[in-house]
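None of the figures in this text is laboratory data; all of them are computed from the coordinates on show. Owing to the predicted nature of the structure, the values given are computational and were not obtained by experimental measurement. Methodologically, a virtual Cβ is constructed for each residue, glycine included, from the backbone with ideal geometry; neighbour enumeration extends over all protein chains shown.
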Amino acid sequence: MSDTIFSSFPTIRFEGPGSDNPLAYRHYDPDRVVLGKPLKDHLRLAVCYWHSLVMNGSDPFGAPTIDRPWMHGEPMAAARAKADAAFDLFRVLGVPFYTFHDRDVAPEGAGLSETLANTREMGEYLGRKQAETGTRLLWGTANLFSHPRFMAGAASNPDPEVFAWSAATVKTALDVTHALGGANYVLWGGREGYETLLNTDLKREIDQMGRFLSLVVDYKHKIGFQGPILIEPKPREPTKHQYDFDAATVYGFLKHFGLERDVKLNLEENHAILAGHTFEHEIAVANAFGIFGSLDINRGDPLLGWDTDQFPNDAPQLALAFYQVLKGGGLTTGGLNFDAKIRRQSIEPDDLVHAHIGGIDTCARSFLTAAAMIEDGRLAAHVADRYAGWDRPDHAAAGHSLEEIAAAAEARAIAPKPRSGRQEMLENLVNRF
Ligand code: XLS
Ligand code: NI
Ligand code: NI
């Protein structure tokens, strides 16, 4: 492999909280055993291709600010140079996983066949890089939102030709993900939504999405892809009304189409916030319905109402999210994908390295906090105690019908006594961790 813009960086090592070295982990000690297994197997960290290797700093007001060598030249040669740099970045960070969209790793060709051939060819190239380095694929996905053909949606498009094009694109992206041993396959409905009902048949669009997802699930079983299909909810942006609004909405959608056993969720912090929820709420909802899959780790800006996709740096906040993850049994096929991007003025390669070091340390520290909360057990004991009335077989609501419960309540004539929710006390307890 030729030199990349990351060649001069050492592999980042754990040096402990006392270290002064900016190119070291202070909290991410990959081999430290917590709750019975190494931290690296709990976190399953992944670098995402699109923000780290593709994003060029352009925004609605201005031109690209970030220039990388692979952003020029013959497209397939550039894609290979980008992959070389990507795997060198994974080496620097020492992360076990990565994620990509088909269009991040392989350029659009002259037509559908050439585009799919590019995806397959780059898939083989990535397979060789994986074999050389040991880095694994957390998930693959297809970009069904950037090209103008998708402006009115992919599966939900009024034109069946776009549905068919999208089907071919997802089939190939899933084939490649399967060949690369991907642990999951993700669908984010970037343009699956609408701007105005004046031009939109909402029911038809949702039916088309249900059909598309059913076809993907059938195909996954046909080729023996073991990992789950993950839907990534987001309430708005780019469209005003996105059909996959939040975890609860997606569960209703899956249930309607009978897909709730085959499809799980990839939840993202910034998307949760845009939906008016906390990250931990979304995780708790997914756990409640048995559809928790994986996490896109980032943060929004409380003063900006859009998907700023910043690297996480709020350990207390993230600890509450990881506490819910651990309560649900932890990440199984899922992982923590840094769907996070450096700011427009962070134009140097080392900005990308520092961003990941901070994000990884924030995840590690929050995870250790959450693990300590689990091991301590007092929070869980408080919650269990709060609902203890329901554990007695002869509790007040044990009757089999509304009239039975009503008659018993009237006969007992007990006035329920309000009990403190103890919120502040519990917040203080959490702060001790
Ligand atoms: C965009 C989404 C996207 C998905 C993958 O907001 O987060 O990056 O994670 O298509
Ligand atoms: Ni995401
Ligand atoms: Ni996002």
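So if I check each of Ala46, Ala110, Ala83, which one is more than 21 Å from the chain's Cα centre (by Cα) and either outside any helix (DSSP H, G or I) or under 18 Å from Asp309 (Cβ atoms) (or both)? Break it down into steps so the answer makes sense when it comes.
Numbers: Ala46 fails: more than 21 Å from the chain's Cα centre (by Cα); Ala83 fails: either outside any helix (DSSP H, G or I) or under 18 Å from Asp309 (Cβ atoms) (or both).
Result of the check over Ala46, Ala110, Ala83: Ala110.
Are any of the residues in region 139-155 over 24 Å from Phe257 (Cα atoms), of a type in the set (A, V, I, L, M), in contact with a Gly (Cβ under 8 Å, 6 or more places away or on another chain) and more than 16 Å from ligand 2 (Cβ to nearest atom)?
No - not one qualifying residue is present in region 139-155.
For Lys234, are the conditions met, namely being within 16 Å of ligand 1 (Cβ to nearest atom) and either of a type in the set (Lys, Arg) or under 23 Å from Glu124 (Cβ atoms) (or both)?
Details: within 16 Å of ligand 1 (Cβ to nearest atom): yes; either of a type in the set (Lys, Arg) or under 23 Å from Glu124 (Cβ atoms) (or both): yes.
In short, yes.
I'm trying to understand the selection: among the residues of region 287-305, which are away from ligand 2 (no atom under 15 Å from the Cβ) and under 24 Å from Gly359 (Cα atoms)? Let's see the steps before the verdict.
Start the filter on region 287-305 by keeping residues that are away from ligand 2 (no atom under 15 Å from the Cβ), which leaves 287-292, 301-305.
Listed by number, the residues that qualify are Phe292, Asp301, Pro302, Leu303, Leu304, Gly305.
Check whether at least one residue in region 64-86 is hydroxyl-bearing (Ser, Thr, Tyr) and crowded, with 19+ Cβ neighbours inside 10 Å, and report yes or no.
Of the residues in region 64-86, the ones hydroxyl-bearing (Ser, Thr, Tyr) are 65.
Retained after the next criterion (residues that are crowded, with 19+ Cβ neighbours inside 10 Å): none.
Looking for residues that are hydroxyl-bearing (Ser, Thr, Tyr) and crowded, with 19+ Cβ neighbours inside 10 Å, one finds none in region 64-86, hence no.
One line per residue, one yes/no per condition, for (1) more than 15 Å from ligand 2 (Cβ to nearest atom); (2) crowded, with 20+ Cβ neighbours inside 10 Å; (3) over 30 Å from Thr65 (Cβ atoms):
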site	(1), (2), (3)
Asn266	no, yes, no
Gly276	yes, no, yes
Asp309	no, yes, no
Pro316	yes, no, yes
Gln345	yes, no, no
Leu368	yes, yes, yes
Gly377	yes, no, yes
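Name the pairs: first residue in region 250-273 and in a loop (DSSP other than H, G, I, E, B), second residue within 16 Å of ligand 2 (Cβ to nearest atom), Cβ to Cβ under 7 Å, at least 6 apart or on different chains?
The qualifying pairs are Asp262/Ile229.
Taking Tyr25 as meeting all but one of (1) touching a Leu at 6+ places or on another chain (Cβ under 9 Å); (2) closer than 29 Å to Asn184 by Cα, write down the number of the exception.
(1)
Can you say whether Ala372 is within 30 Å of Gln317 (Cα to Cα), in contact (Cβ under 8 Å) with a residue 24 or more places away in the chain and within 32 Å of the chain's Cα centre (by Cα), as far as the supplied structure shows?
Answer is yes for this residue.
Suppose we filter region 134-164 for residues that are more than 17 Å from the chain's Cα centre (by Cα), outside any loop (DSSP other than H, G, I, E, B) and not basic (Lys, Arg); how many remain?
7
Cβ-Cβ below 7 Å, separation at least six or inter-chain, first residue in region 299-311 and closer than 14 Å to Arg344 by Cα, second surrounded by fewer than 18 Cβ atoms within 10 Å (Cβ to Cβ) and not aromatic (Phe, Trp, Tyr): which pairs?
Thr308/Asp301; Gln310/Asp301; Phe311/Gly358
Inside region 245-261, can you point out the residues that are small (Gly, Ala, Ser) and over 15 Å from Leu187 (Cα atoms)? Before the answer, list the steps.
Quick first cut of region 245-261, residues small (Gly, Ala, Ser) only: 247-248, 252, 258.
Scanning region 245-261 gives Ala248, Gly252, Gly258.
For Ile342, only one of the following conditions fails: (1) in a helix (DSSP H, G or I); (2) within 16 Å of ligand 1 (Cβ to nearest atom); (3) β-branched (Val, Ile, Thr). What is its number?
(1)
Evaluate the following for Glu260: is it within 16 Å of ligand 1 (Cβ to nearest atom) and either of a type outside the set (A, V, I, L, M) or surrounded by fewer than 18 Cβ atoms within 10 Å (Cβ to Cβ) (or both)? Outline the logic, then answer.
Working: within 16 Å of ligand 1 (Cβ to nearest atom): no; either of a type outside the set (A, V, I, L, M) or surrounded by fewer than 18 Cβ atoms within 10 Å (Cβ to Cβ) (or both): yes.
Spelling it out, it is not the case that Glu260 is within 16 Å of ligand 1 (Cβ to nearest atom) and either of a type outside the set (A, V, I, L, M) or surrounded by fewer than 18 Cβ atoms within 10 Å (Cβ to Cβ) (or both).
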